[in-house]
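Reviewing the structure listed below.
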Amino acid sequence: MLNRVQHHEEAIALYIHWPFCVSKCPYCDFNSHVRASVDQERWRAALLQDLAHESAQAPSGRITSIFFGGGTPSLMPPETVSALIEAADAHWSFADGIEITLEANPSSVESSRFADLARAGVNRVSLGLQALDDRALRFLGRAHGVAEGLAALGTAQSAFRRVSFDLIYGLPGQSDAAWDAELARALSFGTGHISLYQLTIEPGTRFAALAAKGALTEADPDHLAALYELTQERSEAAGLPAYEISNHARPGEESRHNLAYWRYQPYLGIGPGAHGRRGGQATQRHRKPENWLAALARNGHGVSDETEIAGRERGAEALLMGLRLREGVDLSRIASLAETEVDEVVDRAAIERLERHRLLQRDGPRLRLTSAGMLLLDRVLAEIVR
């Protein structure tokens, strides 16, 4: 039976990274993580050991969310998922209404396991649909088609009370009308949360290589701005307003786990490649599975690095993350995290200038981006962060 706490303790988010993929993903450079088979008992024991180490480093607090992410976590044995949930409950206390999310690809193989994963304790799934057009899915390098993806979505909605999925827009040649129709279809599915990301060309990715060859042309910034505004209008009208620059939800359906990151709350990461923030430290696990296992055998944990975060850096991180949210940030909290005056973290003159341009808005100590400011997030941050 899960413990319940009513008194106020530090809220903690828990991230569990399952590193293995069943096939090469275009977004994943972990070539060594593709596995035909995994020694499940060994990995279950290893993850439980890494979890126990984190509980010793952060023994107090209540877990508000658990997120199973990484390679293909929906192919984790339900027994492993259940064991990790039960161990987390034993090490800490669970908050009322704890959110336990699992990332999943929309394949028939993975969706066939949803009912078992729900019985294991998962109560929310995040599904990587990415597009509702077969040509777009092929461009994005996805193995599934629209029909398989929508079948997986239907299975998820029957197995879990809370379901989220993501779409990518701003693809080469995508018109306003095409995205408007795809978004309308997506919003008709009735999920309480949806993530809508613009395509970005990141260095080192397949898309960057295509762009360098001239085989991919990035969308015009004005066109992307129009698509973004369309996305905000349609989603809000459907009852899923943006609470973060790319995330939309019905009130109360926001991702509690991601809010912990954006609100700069403590989070613990276990498993290969997982990172975390606890006690003023940034933690990083060994990235390669074999190195992580060797470190566990040698040290009793998979940590590769623990770094103290200076006060100014904490304040800057909290500001950078928090301004992504519609609610914005409390500058007095930023100053407290930074252990200095607000003016040492932000450029007040730049804030006042951007207020005049209606890109920022202040309400007492709270600072937030306007809708126009969200379109220029990176430029605004560059202006105001000292």
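Read-outs throughout are calculated quantities, based only on the coordinates presented, and are distinct from any laboratory measurement. Just so we're clear, the structure is a prediction, and the values are computed from it rather than from any experiment. Ideal geometry is used to build each Cβ from the backbone, glycine not excepted, and the neighbour counts take in all protein chains shown.
Antiparallel as a % of all DSSP beta bridges within the chain, to the nearest 5?
Of the beta bridges lying entirely in the chain, close to 40 percent run antiparallel.
What area, in nm² and to one decimal, does the C-alpha convex hull of segment 189-277 cast on average over all directions?
Answer in nm², one decimal: 8.4.
May I ask you to derive the FRET efficiency for Thr340 and Ala372 from their Cβ-Cβ distance with R0 = 22 Å, giving the value to the nearest 0.05?
On the way: r = 30 Å, r/R0 = 1.37.
My answer for the efficiency is 0.15.
Show me, for segment 184-196, the HN-Hα J-couplings you get by feeding each phi into the Karplus relation (A = 6.51, B = -1.76, C = 1.60, θ = phi - 60°), rounded to Hz, glycine and proline as x.
4, 5, 4, 5, 6, 6, x, 6, x, 8, 8, 10, 10
Among Glu41, Glu236, Glu253, whose mean-square fluctuation peaks in a Gaussian network model of the chain (Cα, cutoff 10 Å)?
Among Glu41, Glu236, Glu253, the largest mean-square fluctuation in the Gaussian network model of the chain belongs to Glu41.
Grab the eigenvalues of the alpha-carbon gyration tensor for segment 162-201, scale each by 5, take roots, and send me the semi-axes largest first in whole angstrom. Numbers along the way, then the final one.
Values: eigenvalues 79, 35, 4 Å².
Ellipsoid semi-axes (Å, largest first): 20, 13, 5.
In percent, what relative contact order does the chain have, based on Cα pairs under 8 Å that are 6 or more apart in sequence?
14
Of all the Cα-Cα pairs you can form in the chain, what percent are over 36 Å apart? Before the final figure, lay out the partial values.
Details: 18858 of 74305 pairs.
Of all Cα-Cα distances in the chain, 25 percent exceed 36 Å.
Please report, in Å, the Rg and the Dmax of segment 106-212, where both are computed over Cα atoms only.
For segment 106-212, the Cα-based Rg and Dmax read 14.8, 47 Å.
Could you list which residues have their amide H under 5 Å from that of Ala274, counting only those 5 or more apart in sequence or on another chain, with H placed in the peptide plane?
Amide H to amide H, under 5 Å and 5 or more residues apart or across chains, Ala274 pairs with Arg285.
Rounded to whole Å and sorted largest first, list the principal axis extents of the Cα atoms in segment 311-384.
31, 22, 21
Debye sum, Cα scatterers, segment 38-147, no solvent: what log₁₀ I/I(0) at q = 0.12, 0.13, 0.18 1/Å?
Taking Cα atoms of segment 38-147 as identical point scatterers yields -0.49, -0.56, -0.92.
Between segment 159-188 and segment 280-333, what is the separation of their alpha carbon centroids in Å?
Segment 159-188 and segment 280-333 have Cα centres spaced 32 Å from each other.
Starting from the alpha-carbon convex hull of segment 217-257, give the projected area averaged over all orientations, in nm².
3.6
GNM on the chain, C-alpha springs below 10 Å: top fluctuator among Leu354, Leu325, Leu369?
In the Gaussian network model the winner is Leu354.
Work out the length of the dipole vector of the chain about its Cα centre, built from +1 on the beta-carbon of each Lys and Arg and -1 on the beta-carbon of each Asp and Glu, and round it to the nearest 20 debye.
Numbers: 41 positive and 50 negative charges, 93 e Å.
Charge dipole of the chain: 440 debye, to the nearest 20.
Under the 0.36 nm per residue contour assumption, what length would be gained going from the current alpha-carbon distance of Arg326 and Ala382 to full extension?
Stretched fully, the Arg326-Ala382 segment lengthens by 18.3 nm.
Fewest first, what order do Asp222, Asp330 take by the number of other Cβ atoms within 10 Å?
Numbers: Asp222 8, Asp330 16.
Sorted ascending by nearby Cβ count, the order is Asp222, Asp330.
Subtracting the Cα-Cα distance from 0.36 nm times the residue separation, let me have the gained length for Ser175 to Arg138 in nm, one decimal.
11.5 nm
Over the Cα atoms of segment 232-386, Rg to Rh with Kirkwood Rh, two decimal places?
When Rh is taken as the Kirkwood radius, the ratio is 1.06.
Along the three principal axes, how long is segment 282-328 when you take its alpha carbons, biggest first, rounded to the nearest angstrom?
43, 22, 13 Å, listed from the longest principal axis down.
Quick check: residue separation of Gln198 and Ala151 times 0.36 nm, minus the Cα distance between them. What number comes out in nm?
Taking 0.36 nm per residue and subtracting the Cα distance, the gain is 14.5 nm.
With n ≥ 4 as the cut-off for DSSP H runs, can you work out [θ] at 222 nm for the chain, using -39500 (n - 2.57) per run divided by the number of residues, rounded to the nearest 500?
Computed ellipticity for the chain at 222 nm equals -12000 deg cm²/dmol.
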